[in-house]
Amino acid sequence: MSVIWTGKGLGIIMSRILKLFLICILLVLYAGCQKVEEQKGSVEIKILPGYLVESEELTSSTNSPDVVIVDARSAEKYQKAHIHNAVNIPKTVFRTPEDLEYKKNNGFAISPEKAEKVFGEAGIGANSRVIVYDSITFPDASIIWTLLKYYGHDNVQILKGGYERWVSDGHPVTQETKMLKRADFKVKPKPEMVVTLSWILDNKKDITILDMRSFAEYIGTNTAGNKRGGSIPGAINIEWVELAGDSTVKSAEELQRILNKYRISRDKEIVTYCNWGIGRSTYGFMVLKMLGFEKVRVYGGSMEDWSVKADLPIGDIKSIPADL
């Protein structure tokens, strides 16, 4: 039995085919737009060279006169054992009453005079290559790294895996203390690396604020000794260990997934903070710089500064973004 199409019937069929064709085109275009949007929202990253040093490379540099090895762990850990020729600069050096007063008035950890004294006495001069290490339990090395960068000494690197990796790789340690020869450390501050409370208030609509502390500190159940518990309103909580894992820093692929998860973009200025303004905040700053982020700063006052201002709002568990 043959079917004879009339002009009207054929027109209806052609109309339906055309509609299906147009729907297919629209679906393809929509999928393409979605892919473009996903690419816009993602962060393509890699760990730049010149930031990390492997333990094998350090073995050939421990006796080099141009290399200063800094152990950023506590004095007690340093005295038990440390890498040969390392000098100890623990974070407590930067927490004297004078330092806290300077930070309160100037928004950053230590004065230029203090930097010249501490780093000069450690033997760091203009031509020194500085390699810093810590323990994987806390990012103390980032404090030395950031302070040196802030005061104009760019030739500084981090020992990947820290003291634990050095020991597990079978390299020797010692209890002998290096005889220090003072160097002439001259500061060249980079104020664009840090922000103050007033700067944050003036720019809060245009910046991304990263809280590098624990979730308990972020929501205020752990005040960590601050006047008020909680966080800076609008801050995104990425605890530093989420970036570090069980080493100095996770792989570029893992870091990319984390930053995409929290929708961290290179387009906006990023400010990191913690409790003291050195340690976890400087670690976040260091890692982002290591990944090629240019618009990154540290809030030197951090929660020690923010929490004492009773007129400032504070975030807690009720203000956490629902999609994070």
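Every number here is computed from the coordinates shown, using simple stated rules; none is lab data. Keep in mind that what you see is a predicted model, and the values were worked out from it rather than measured. Cβ placement follows ideal geometry from the backbone for every residue including glycine, while neighbour counts extend to all protein chains displayed.
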P(r) of region 116-274 over all Cα-Cα pairs, binned every 5 Å from zero, in whole percent: 2, 7, 12, 15, 18, 17, 13, 9, 5, 1, 0
Computed Rg/Rh of region 249-296, alpha carbon atoms with Kirkwood Rh: 0.95
Segment residue 199-residue 221, extension gain: residue separation times 0.36 nm, minus the distance between their alpha carbons: 5.2 nm
Counting all C-alpha pairs of region 274-319, share separated by more than 13 Å (%): 61
Cross-link pairs 188/227; 149/261; 80/289; 188/261; 149/268 - those with Cα-Cα distance over 31 Å: 188/227; 80/289; 188/261
Average silhouette area of region 140-229, convex hull of alpha-carbon atoms, in square nanometres: 10.3
Low-density loop cleavage sites - chymotrypsin sites (Phe, Trp or Tyr not before Pro) in region 68-109, where at most 11 other Cβ are within 10 Å (DSSP): none
For region 52-189, the Rg and Dmax computed from alpha carbons only, in angstrom: 14.4, 46
Evaluated at q = 0.13, 0.19 Å⁻¹: base-10 log I(q)/I(0), Debye formula over Cα of region 192-319: -0.47, -1.04
